[in-house]
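The values are calculated or read from the model by the stated rules, or taken from the named source; none is laboratory data. From a predicted model like this one, the values you see are computed outputs, not experimental measurements. Cβ coordinates were reconstructed from backbone atoms using ideal geometry, including for glycine residues, and neighbour counts include every protein chain displayed.
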Protein chains: 2
Amino acid sequence: MLPDIEIAKGARLVDIREIAKKLRIPEEKLKLYGNHIAKVDHRYLKELNRKKGKLILVTAITPTPAGEGKTTTSIGLSMALNRIGKKSIVTLREPSLGPVFGVKGGAAGGGYSQVLPMEDINLHFTGDIHAVTTAHNLVSAVIDAHINHGNELGIDIRKIYWKRAIDMNDRALRQIVIALGGSANGYPREDGFLITAASEIMATLCLASDLADLKRRIGEIVVAQSEKKGLVRIKDLGIQGAVAALLKDAINPNLVQTIENTPAFVHGGPFANIAHGTNTLIATKMALGLADYVVTEAGFAADLGAQKFLDFVAPTGNLTIDAVVLVASIRALKYHGGVAKEDLSKENVEAVVKGMENLKVHVENLQKYGVPIVVALNRFESDTPAEIEAVLRESPVKCVINEAYAKGSEGAVELAQRVVETIETIPTNYKPLVPAELPIEEKIDIIAKQIYRAGKVIYTDTAKSKLSMLKKNGYGNYPVIIAKTQNSISDDPKKINAPKGYEFTVRDFQISAGAGFVVALAGEIMLMPGLPKVPAAVNIDIDENGEITGLF
Amino acid sequence: MLPDIEIAKGARLVDIREIAKKLRIPEEKLKLYGNHIAKVDHRYLKELNRKKGKLILVTAITPTPAGEGKTTTSIGLSMALNRIGKKSIVTLREPSLGPVFGVKGGAAGGGYSQVLPMEDINLHFTGDIHAVTTAHNLVSAVIDAHINHGNELGIDIRKIYWKRAIDMNDRALRQIVIALGGSANGYPREDGFLITAASEIMATLCLASDLADLKRRIGEIVVAQSEKKGLVRIKDLGIQGAVAALLKDAINPNLVQTIENTPAFVHGGPFANIAHGTNTLIATKMALGLADYVVTEAGFAADLGAQKFLDFVAPTGNLTIDAVVLVASIRALKYHGGVAKEDLSKENVEAVVKGMENLKVHVENLQKYGVPIVVALNRFESDTPAEIEAVLRESPVKCVINEAYAKGSEGAVELAQRVVETIETIPTNYKPLVPAELPIEEKIDIIAKQIYRAGKVIYTDTAKSKLSMLKKNGYGNYPVIIAKTQNSISDDPKKINAPKGYEFTVRDFQISAGAGFVVALAGEIMLMPGLPKVPAAVNIDIDENGEITGLF
C-alpha cells in the first residue's frame, strides 16, 4: 500500500461549502480556512432542533504501543454508514504536533480511511491547539508577573500547580527551574512544561457548552495555593476574559471531510489519562443535531476512554450512547496472549485465544453500562484465517471484520450494517456506572474494582492529605477522572491481558475545577513525551510548491 | 475619541475577495481565513511582471517609550494615496501577542487609521507567529533529543546558541535551567526563551524569496558549537525540511484591508534590534507588483529600522527606495529637548526647538543614502500652534502635518500629495551607505560613526574573540545588523536628542546565518519583555457572542 500522504494526495476533495450544504448548515455560519476546512459558529448548535441522531462510541481493547486503529475504524465506519444510505458524521480529536514530529508522523486516520486535508490537519490546522497553548501560557506569565510585582494574593511559590505548556515532544522541559538571573527576572522556582493535550484549558474547552460557560469554567481553574487565603483561581488573577478571548475561534468546531467526501468534525484533543480523551462536546452535539448517526472516538482503551465517556462526558453533555464499537486486533490479542512484540506477525492461534481474556473483560465492563456492543476486528496484513476464525468463535458478542484501512468504506460495510441493525433492534439501556453523588473514594472504588478488576484500593500518604484538602475546599463529591497507564487494565503497564485482584494504588490527586473533575493519579503519568533518536521530523520534507512528504 | 476597538467595530468591511479583485489577484491564488483575511500564494509573485510600484519607507525620529505613530502614519498615508487616486498598498509587520497582553493591548494602527479586523490581527491572525514559534521549538527539542540519544554531532552543551521561543511577555523564562530530574530527562543545561519576534526563524522567513530559499536558509542556521567539528547547523540535524513544512502557510502574505477598505499586507514580524525589523520581503515585493505606491514601515527609529532597510533589506530584496517619510511628534521632540515624561503635554516651544536636533540627525543620515525625504509631523491633541509652527520652521526638509489618527485619510491628504510630488519631481539616488564587500569591523565603523555619530568604536574581549571565530568560519565579510537601544541614537538609552563623539561599545556578536547577517550587540538587548503589574490582559474580555472588548 502507498504511504498515507500519497493516498491522501490521490483523493479528490470537494469544496467544504458543499459538505456543509448537504448537512444544511447555512453558509453564513461558516468561517472558511481555505477551500477544504471550515469552522462552524458554535452558537449554531442552539438553533438545531431536529431529532437527535444516534451516538456510536468507538473504543478499543488494551492496545500494543502501536495502537490498534480506533481512528481508522471510526472514519471507516462513518464512511460505510454513508455508503449504505445513512447520514453520518464522524467526530474526532485534533492531532497534536508532538507525535507528528516524534514517532508517528501524523494522526488523521490512515490508509483509505482518513480525514483530509491531512497535511493541514496534522500541521497547525485551524490553530486551535496553538490557541490553547497560548491561553495556557498567558496564565503562567500572569502568575509569575503577579508574584514578581508584590504577590498580593500571597501565592506560595512552592505550591503552584499550573505548569507551562507547549505542543511539542520535549523531554528537556519536563522539569526546569525558572526566573533565574536576578531580581529583574522574578523569584526562582521549580516548574515544567506539559504537552498541550494535557492542559486543563484543553479539557475545559472540550467540555464547555458555549463561550459564557467556557469563561466561567476558566475562572474556576485552580492554579496555586495561597500562603494565607486557600486556593488561587484564574478568576482571582482577573484574566478569564483574556484567556477566553484567545479561544474565540478555537471554540468553533472544525468541519472537514473524509477521503470519501463524507463529513467529519475534528475538534479539540485532550489526553485520555489526565483528562477525558474525547473531542469537544460542542462538536459531538452539533453532529448529533445534523446527522442520523454520529461516530465518535474515545482515547486509549475502553478502561480509560470509554469509562470516562460513559461516566463523565456523556452525563456532562446530557448524551445517550446508542452503541459501542470495541476495536480489537489480532496483534494486540497475541500480545496479551504473551507473544513478544517482535513476533506479533507470526501465526499463533493459541496466543490469540489466550489474549481474548482482555477483550472479554472490556466487553463485560461495557455491558455494565447497558450499552449494545459490537466488536470490530481491525484486519492487519499479517492476520491468518485460523487466527481470525478463533476471534470470531471466541468473541462474547457479535464480532465483525473491519478492513477500512485497506479498502475504505467498502471494507466497513458489514460493520456499518451490523451497527445499524444493533441500534435498530436493541434499545440502549445506557446508564453511568458511577453515581454522580458519591464521595471521591467510593467512586474510585467502583471504577478500580468493577472496571480495572482490582481487589483493593490503596492511597499513599500524599494522596490522603491531598484528598482531605480537596474535601475541605468543597470538591469531595466531584466527578473523578483516573490517570493511569493505557498499556494495562491495571495500574501496572507490565500486567498484560486480564489482571485481577491486585492492589490499585492512588498516589496523588489534582483538581481540574474548570474542566469539572478531580484527577486521581495512579502511577507515573507522562505528560510530556520525548523525541526518539531518529524523530519523524527527519523524514518530513516540503518542496518549492509546498508539497509535503514524510507524513504518514 | 472612541477606543480603537470601538472605532474598528463601527467600520464596514468589504469581502476580502473584493479587495483582491481590485488588485487583479486571481481568486485561485487566495486562501481565505473567513471573509476578511486571505493569504495570497507566494508563488504568485513570480507571475507578476508589470512595472513595479514606487516604494515609500516610513521611519521615525528617536521615540518616547510610547511610540510616535509610525504604523498609524503608514496606514493613513496609504489610505490617503488611494483617496487622491493612486493605487497604494501598505505593508506592515504582524503584531506579537506579548504586547497585546502586556502594555499596549493591540498593534494594528490606531484611531481612524487601522488595519482590520483588528481582533483577529491581534489575536492569532492566520497563525504565522505560532508557526514560527513551533518551528523554532522543534529545533530546540531536536537539539536536546540529539544530545540525549548519544550526541553524535558532539554538541557542546555549554555552547548552544539556540534558545527556545514563545510569543508571550514572560520574564520568568528569560533564564532557566532545563532537563532536570534525572537521566530520563536529558542533560541539564542553562537555557532561556526569546519572544518569537526575536527568533532567527522569524528573520529568515521575512527575508526568504520562496520556499526553496527558506528551506536552504533554515539549513544554514547555526545552533551550537561542537566539541570537535566546529559549528553545528540545522542541516546537520536533518530537519530543515520539517521546519520549512511548518512554515508552509506562514510564507504566504496576509491580505487584509484598512478601515477605509484599501489593501494592506500584514506579514511577518521580526525585531528591529536583533534583526532587521520589517515585514516579509515577499509581501513588499508582491505589493510592488500589484500597486503604484507601496508604503512600508521599518521598526524603531531611523537609526535602527531605516538603516537596516537601506543597507541590508533593500539590497537583499533588490529593492529601490523612492522616498522616505520620517515621522516626528512634538511630544518626542520635547522629550529630546529635555522635558520630563510627565510634562510632555505642556507647551514648551524652546524644548521643541532644542529637540529638533534629533530630527536633524536622522534627516542628515537619510540624506547619505540619496533618498528624497518628507517629514510627517504626527499631530497629538496636546500640540499647540506655537509648537507646530516651530517644527515647520526648523525642519531641514519639507514637513507636513499628519492627522490620520483622528481623521483617517482626510488627515493625511497633504502628506500623500507631498510624497507623490516628491517622488515625481525628485528622482531617488538611493544607494546603500555600507558597501557589501567590507569586513565586519569596517561596516560597524561606518554605521557607528556616520549614523550613530560615535567618535570611536570599542570591542570588548568577548566581542573580539567571537569576531575571530566568525572570521574563521567564513563570516568575516557578512552583512552586519547592529542591536542597540531604540531610545537613543547612541548605544546608551539615557543619551537623548543628538549625542555625538562618544565611545560606541560592541559587546558581543551572534551569527544569524539563515537570515544572512551577523548581529553586533551593543548594550543589553531585551529579547523577552515582562508583564507589568496590571497587564492589559486584565482589561480584555469576550461576551457570549464573541464580541471582544479591551483591545486598543
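Checking each residue in segment A:172-188 for being facing another protein chain (nearest Cβ under 8 Å), touching a strand residue (DSSP E or B) at 6+ places or on another chain (Cβ under 7 Å) and within 25 Å of residue B:538 (Cα to Cα) picks out A:178, A:179. Residues in segment B:314-331 that are part of a helix (DSSP H, G or I) and in contact with a helix residue (DSSP H, G or I) (Cβ under 7 Å, 6 or more places away or on another chain): B:316, B:317, B:330. Quick one: would you say residue B:381 is assigned to a loop (DSSP other than H, G, I, E, B), out of contact with any Cys (no Cβ under 6 Å at 6 or more places or on another chain), among the acidic types (Asp, Glu) and more than 22 Å from residue B:110 (Cα to Cα)? Here the answer is no, as residue B:381 does not meet what is asked. Please indicate, with yes or no, whether at least one residue in segment B:221-235 is basic (Lys, Arg), in contact with a strand residue (DSSP E or B) (Cβ under 6 Å, 6 or more places away or on another chain) and assigned by TED's automatic domain parsing to the domain that holds residue B:165. Yes, segment B:221-235 contains a residue that is basic (Lys, Arg), in contact with a strand residue (DSSP E or B) (Cβ under 6 Å, 6 or more places away or on another chain) and assigned by TED's automatic domain parsing to the domain that holds residue B:165. So is residue A:9 at pLDDT 95 or above, farther than 28 Å from residue B:547 by Cβ and more than 14 Å from chain B (Cβ to nearest Cβ) or not? Criteria not met by residue A:9.
Is segment B:485-503 home to any residue that is touching a residue at least 60 places away in the same chain (Cβ under 8 Å), touching a strand residue (DSSP E or B) at 6+ places or on another chain (Cβ under 8 Å) and either surrounded by 19 or more Cβ atoms within 10 Å (Cβ to Cβ) or over 20 Å from residue B:442 (Cβ atoms) (or both)? Looking through segment B:485-503, none of the residues is touching a residue at least 60 places away in the same chain (Cβ under 8 Å), touching a strand residue (DSSP E or B) at 6+ places or on another chain (Cβ under 8 Å) and either surrounded by 19 or more Cβ atoms within 10 Å (Cβ to Cβ) or over 20 Å from residue B:442 (Cβ atoms) (or both).
Hey, could you check segment A:67-94 for residues that are more than 16 Å from residue A:302 (Cα to Cα), part of a helix (DSSP H, G or I) and polar (S, T, N, Q) and say which is farthest from the chain's Cα centre (by Cα)? Looking at the filtered set, the residue picked out is A:82. Among the criteria (1) of a type outside the set (Gly, Ala, Ser); (2) more than 10 Å from every other protein chain (Cβ to nearest Cβ); (3) under 23 Å from residue A:309 (Cα atoms), the one residue A:552 does not fulfil is (3). Taken over segment A:1-41, the residue count meeting the criterion of being assigned to a helix (DSSP H, G or I) and closer than 22 Å to residue B:38 by Cα is 8. When segment B:147-163 is filtered for residues that are part of a helix (DSSP H, G or I) and not hydrophobic (A, V, I, L, M, F, W, C), only B:148 remains.
Is one or more of the residues making up segment A:514-530 within 8 Å of chain B (Cβ to nearest Cβ) and either at pLDDT below 95 or assigned to a loop (DSSP other than H, G, I, E, B) (or both)? Looking through segment A:514-530, at least one residue is within 8 Å of chain B (Cβ to nearest Cβ) and either at pLDDT below 95 or assigned to a loop (DSSP other than H, G, I, E, B) (or both).
Residue A:229 falls short on exactly one of the conditions (1) closer than 20 Å to residue A:512 by Cα; (2) basic (Lys, Arg); (3) modelled with pLDDT of 95 or more, and that condition is (3).
Of the residues making up segment A:73-101, those that are more than 14 Å from every other protein chain (Cβ to nearest Cβ) and either at pLDDT below 95 or in contact with a Leu (Cβ under 7 Å, 6 or more places away or on another chain) (or both) are A:74, A:77, A:80, A:88, A:89.
When segment A:34-67 is limited to residues that are more than 16 Å from residue A:428 (Cβ to Cβ) and polar (S, T, N, Q), the one that is nearest to the other protein chains (Cβ to nearest Cβ) turns out to be A:35.
Screening the candidates A:144, A:236 for the property of being at pLDDT 95 or above, of a type in the set (D, E, K, R) and either assigned to a loop (DSSP other than H, G, I, E, B) or surrounded by fewer than 24 Cβ atoms within 10 Å (Cβ to Cβ) (or both) yields one hit, A:236.
Picking from residues in segment A:369-378 that are closer than 18 Å to residue A:425 by Cβ and not in a strand (DSSP E or B), the one that is nearest to the chain's Cα centre (by Cα) is A:371. Restricting B:146, B:130, B:136 to those that are within 9 Å of another protein chain (Cβ to nearest Cβ) and in contact with a helix residue (DSSP H, G or I) (Cβ under 6 Å, 6 or more places away or on another chain) reduces the list to B:130.
Do we have residue B:260 as away from every other protein chain (no Cβ under 14 Å), within 25 Å of residue B:25 (Cα to Cα) and touching a strand residue (DSSP E or B) at 6+ places or on another chain (Cβ under 6 Å) here? When the stated conditions are applied, residue B:260 does not pass them. Among the conditions (1) outside any loop (DSSP other than H, G, I, E, B); (2) facing chain A (nearest Cβ under 9 Å); (3) surrounded by fewer than 24 Cβ atoms within 10 Å (Cβ to Cβ), the only one that residue B:225 does not satisfy is (2). Out of curiosity, is residue A:354 under 25 Å from residue A:311 (Cβ atoms) and surrounded by fewer than 23 Cβ atoms within 10 Å (Cβ to Cβ)? For residue A:354, the condition - under 25 Å from residue A:311 (Cβ atoms) and surrounded by fewer than 23 Cβ atoms within 10 Å (Cβ to Cβ) - is not met.
Total residues in segment A:423-440 satisfying the condition of being under 20 Å from residue A:508 (Cα atoms) and either touching a strand residue (DSSP E or B) at 6+ places or on another chain (Cβ under 8 Å) or modelled with pLDDT under 95 (or both): the figure is 1. Annotation for segment A:401-410: no member residue is exposed (fewer than 15 other Cβ atoms within 10 Å of the Cβ) and out of contact with any Gly (no Cβ under 6 Å at 6 or more places or on another chain).
In segment B:427-447, of all residues being aliphatic (A, V, I, L, M) and closer than 27 Å to residue B:55 by Cβ, the one that is farthest from the chain's Cα centre (by Cα) corresponds to B:438.
Checking each residue in segment A:154-171 for being facing another protein chain (nearest Cβ under 7 Å) and without any contact (Cβ under 8 Å) to a residue 40 or more places away in the chain picks out only A:166. Those strands (runs of 3 or more DSSP E) of segment A:393-492 in which at least 1 residues are over 27 Å from residue A:203 (Cα atoms) and not assigned by TED's automatic domain parsing to the domain that holds residue A:61, considering only elements entirely within it, cover A:456-459.
Of all positions in segment B:298-309, none carries a residue that is farther than 14 Å from residue B:52 by Cα and in a strand (DSSP E or B).
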